[in-house]
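K.L.:
Sharing a structure below in structure tokens format, with a few things to ask.
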Amino acid sequence: MKQLQLLAAGLALTLTGCGEAPPPEGAGALALVGAQLIDATGAPPVPDSVVVVRDGRIVSAGRRDATPVPDGAETLDLAGKTIIPGLVNLHVHYREGGEEIERQFRAQLYFGVTTSRSTGSDSPERVAYLLESAGRPDAPRTYTAGLGFAYPGGFNAAGRNAPTTEEEARGLVRDQVALGVHFIKMWVNEVVEPGLKIPPEIRAAIIDEAVANGAVPVAHIDDEADGRQLVEAGLRDFLHSTVLTFGPGAGVPMDDPDPSAEFIAMCLESGVAFTPTLSIVQNRWHFAERPELLDDPELRAAFNTYNPGALAGWDDPARRAEVVDDPGFEDRKAAFRQLLDFVKTMHDAGVAVALGNDAGTPNVPFGWGMHHEMEMYVEAGLTPMDAIVAATATGAAQMPPVGEADFGTLEAGKIADLIVLNADPLADIRNTLDIDRVMRLGEWVDRSGFVPAP
Ligand SMILES: [Zn+2]
């Protein structure tokens, strides 16, 4: 009897299986139909595209006539819109603890920044918080360099690692790696006074120990001689540039600002990437020179995410006048032009130029600042397409495992992190701020309420 019952049950299951149609091929998929697609691979834009997303990844992406919408997929008509990958910010400094970090996450996602790299200001507690947030659709993908390395008493040494011997440096690198950091950051520049700069043998020990332990070393520089020594020691990832931007002597045009042909050749040969970080420089005067930006509710919301005091400062006409009437103002702008020229020179030479902006420093708002940084790349002479590739694919390629990112471009198999724009960024790069919606890990980001209702 029992056997008969089992037989009957098995028969019933088989019959049910035969009676139901198999789920359609596109079940659970979403097809974005009709937008201009900028996939950031360097390919030309696709004017009328289909992008199919399922389970957080892109199933297919391309011309509408070559990219079928699978049966059963939900479709969304995006005619007139443009799709670009989510932005990758290689130079972020998170601030404070959990509640504040959540606001910084939200600001970034609101503006389509779906990946960030935190570069050297994170305590062990914050490293743990950032690592735990990995894989959340309501947070950007975040990499961290933990606590960075500086020279004792030098720039950014307070609260950071400041080893005096190679042995100590190696031990401190291993301590960071044990926390799970992805990068090891060092500041190689003099700001406090001449000579207070990590010596070459300690830099080399930091690089060697980082690489041996699977972390990627990255350095802040502002001098070509340091750049050369670091490349020779194995460094491939630079923040800032060889134009002096911090401390005594900065803000005055350099006599010979251009990277040498020899240094460019070294960079090309070793596959070096630069994140020149223009915002930290220009934002010292940008809102004084263009006060109309302060009327933008999105910019105000971005500032209020983390630093309402800075916004209040820029709202003050007397403060703005102080900045633009300063006798050094024209010099500062001329020096900044040299920094723009560095971006153009390196990009044209074929060196990987990524995007990052020091978001989280007083005048560089999370999220909004990435769009401003792209605008400056176009001011430097890059095309809008080049700026978008720099802000997405080039940045993604610097994340470990280096060169193997499964995000940053919009191709089959890649993670579905993307921005839908209302206007064409190739016509005007500032259109990247005209955001219709943002997708992170295949889910639409809730952007409501970030900008307070008027
Ligand atoms: Zn920084």
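The values are calculated or read from the model by the stated rules, or taken from the named source; none is laboratory data. Quick caveat: nothing in here was measured; it's all calculated off a predicted structure. Because the Cβ atoms are built from the backbone with ideal geometry, glycine has one as well, and the counts that use them run over all protein chains shown. In case anyone asks, the SASA skips ligands and DNA or RNA and just uses the protein heavy atoms, side chains included. Shrake-Rupley method; radii C 1.70, N 1.55, O 1.52, S 1.80 Å.
K.L.:
When you check Glu166 against the structure, is it open to solvent by 60 Å² or more (accessible area, probe 1.4 Å) and more than 14 Å from the ligand (Cβ to nearest atom), yes or no?
P.N.:
Answer is yes for this residue.
K.L.:
Among the residues of region 430-454, write down those that are among the acidic types (Asp, Glu) and either within 18 Å of Val51 (Cβ to Cβ) or assigned to a helix (DSSP H, G or I) (or both).
P.N.:
Asp436, Glu443
K.L.:
Shifting gears a bit: So which residues in region 320-378 are assigned to a loop (DSSP other than H, G, I, E, B), in contact with a Phe, Trp or Tyr (Cβ under 6 Å, 6 or more places away or on another chain) and away from the ligand (no atom under 16 Å from the Cβ)?
P.N.:
Hit for region 320-378 is Gly367, nothing else.
K.L.:
Give me a count of the residues in region 44-69 that are within 22 Å of Ala423 (Cα to Cα) and in a helix (DSSP H, G or I).
P.N.:
So the count comes out to 1.
Yes/no per residue for (1) among the acidic types (Asp, Glu); (2) at pLDDT below 95; (3) over 25 Å from Phe238 (Cα atoms):
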residue: Asp296; (1), (2), (3): yes, no, yes
residue: Arg300; (1), (2), (3): no, no, yes
residue: Gln338; (1), (2), (3): no, no, no
residue: Thr345; (1), (2), (3): no, no, no
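K.L.:
Kindly provide the set of residues from region 336-395 that are buried (at least 21 other Cβ atoms within 10 Å of the Cβ), among the polar types (S, T, N, Q) and more than 29 Å from Asp315 (Cβ to Cβ), ordered by number.
P.N.:
Thr392, Thr394
K.L.:
A follow-up question, please. Answer yes if at least one residue in region 87-98 is free of Cβ contacts under 8 Å to residues at least 60 places away in the same chain and either surrounded by 15 or more Cβ atoms within 10 Å (Cβ to Cβ) or within 16 Å of the ligand (Cβ to nearest atom) (or both), and no otherwise.
P.N.:
no
K.L.:
Answer yes if at least one residue in region 269-286 is away from the ligand (no atom under 16 Å from the Cβ), open to solvent by 50 Å² or more (accessible area, probe 1.4 Å), free of Cβ contacts under 8 Å to residues at least 40 places away in the same chain and within 23 Å of Ala107 (Cβ to Cβ), and no otherwise.
P.N.:
So far as region 269-286 goes, no, none of its residues is away from the ligand (no atom under 16 Å from the Cβ), open to solvent by 50 Å² or more (accessible area, probe 1.4 Å), free of Cβ contacts under 8 Å to residues at least 40 places away in the same chain and within 23 Å of Ala107 (Cβ to Cβ).
K.L.:
Right, something else. Could you check region 238-258 and list, in sequence order, the residues that are crowded, with 23+ Cβ neighbours inside 10 Å and more than 16 Å from the ligand (Cβ to nearest atom)?
P.N.:
Selection gives Thr242 alone.
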